[in-house]
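Here is the structure we will look at, set down as structure tokens.
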Amino acid sequence: MSTDTVIQPPRRRLRDRLPVVHQLRQSVGLQRGMLVAGLVLTGLFVLVAIFAPLIAPFGFAQLRDLEGPFGSQQPPSADHLFGTTVGGYDVLSRVLWGAQTALYVIVIAVILSLFAGVLLGLVSGYFGGWLDRVLVVVCDAIYAFPSLLLAIVMAIVISGGQSNLWGGVFAAAISITVVFIPQYFRVIRAETVRIKAEAYVESAKVLGASNGRVMFRHVLRNATRTLPLIFTLNASEAILTLAGLGFLGFGIEPTAAAEWGYDLNKALSDVSSGIWWTALYPGLAIVLVVLGITLVGESLNDLADPRLRGRRRVAQASGTVAETSVVPGGTLTAGPGGLGGLEDGESFDEHGIGVRS
């Protein structure tokens, strides 16, 4: 009577299947430090953006309180921790509300470009032909333009360069979307061209699956694995593009929403006069948010590399690294017993069974 039993691998817990937790458990050393720092900065940015109406001491366009006007270019004090701007706005409130505006633009721009770029890349790579050639030429032409210049042109076309909160947010988001679509298009098209030649795709076609089913059920599922990496990198680029639009005067009006690029533009003359607080804090906010999102994106990019992804698993399984020496006929290794096994006089036969000498 056979007593053989099949040992089932342990089931992964729900928290281990979460994307961030799973990637965090894979990372080691400096890579883990970069990922943790990026997650902390990004998480802080998202929390500030969500709770800005609650934690901001004043409104983004508020110029006075019960005690009277705030005053122009007031230095940091107990009443205004980050001072006031040349227009009389509270700098701390503008920085906090600006995080909310940046989050709106990131979400709208990346989602729009994600759907448009993925759909166009999927259709182009799957069907090919004249449609593929036309889409490739158009996307390459768009990609050849400087991104900020293209965003400026689109902002002027959409809103005339100035608008209210949602009009400005959508104008900036659509401007950035036009810049990002070619990036998603090129990645998804390349993956689709590769995947559609796989055996399982050909088998689905032979079995009578429609083009739509093959595209969305078999090809798309395997072609979108790198999208989270592009998403994080494009989110940081979206913040820089939004700040560039505001700095050049094509962003959102200050009475409609707070925007870091606009505040930096108005602080240019202050810097030469020794008024440092109006430019320091909006600029520092841009740097920290972009740094956090970039660290997350670069860490995920490294962990997506199979050569780097298994470092922790290999390091845990190997234990003590034994010395090796090259001899005629192959490499002499310490074997499962490590160096201690060789020093104790224990050797191993060709089947890996320990033999005491």
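Taking other C-beta atoms within 10 Å as the exposure proxy, 108, 176, 239 rank 108, 239, 176 from fewest upward. For residue 192, neighbours were defined as the other residues whose beta-carbon sits under 14 Å from its Cβ, and their charges (Lys and Arg +1, Asp and Glu -1) total +4. In this structure, residue 72 and residue 111 have a Cβ-Cβ separation that, at R0 = 45 Å, corresponds to a calculated FRET efficiency of about 0.70. Residue 57 sits among other residues whose Cβ lies under 10 Å from its own Cβ, and their net charge, with Lys and Arg +1 and Asp and Glu -1, is -3. Please list, ordered by chain and number, the residues whose modelled amide H lies under 5 Å from the amide H of residue 84; skip anything fewer than 5 residues away on the same chain. Under 5 Å from the amide H of residue 84: 73, 74, 91. Each Lys or Arg adds one and each Asp or Glu subtracts one; over the other residues with Cβ under 12 Å from the Cβ of residue 243, this totals -3.
Laboratory data are not the source of any read-out in this text; all were calculated from the coordinates shown. These figures come from a predicted structure and were not determined experimentally. Cβ sites come from the backbone with ideal geometry, for glycine too, and all protein chains shown count toward neighbours.
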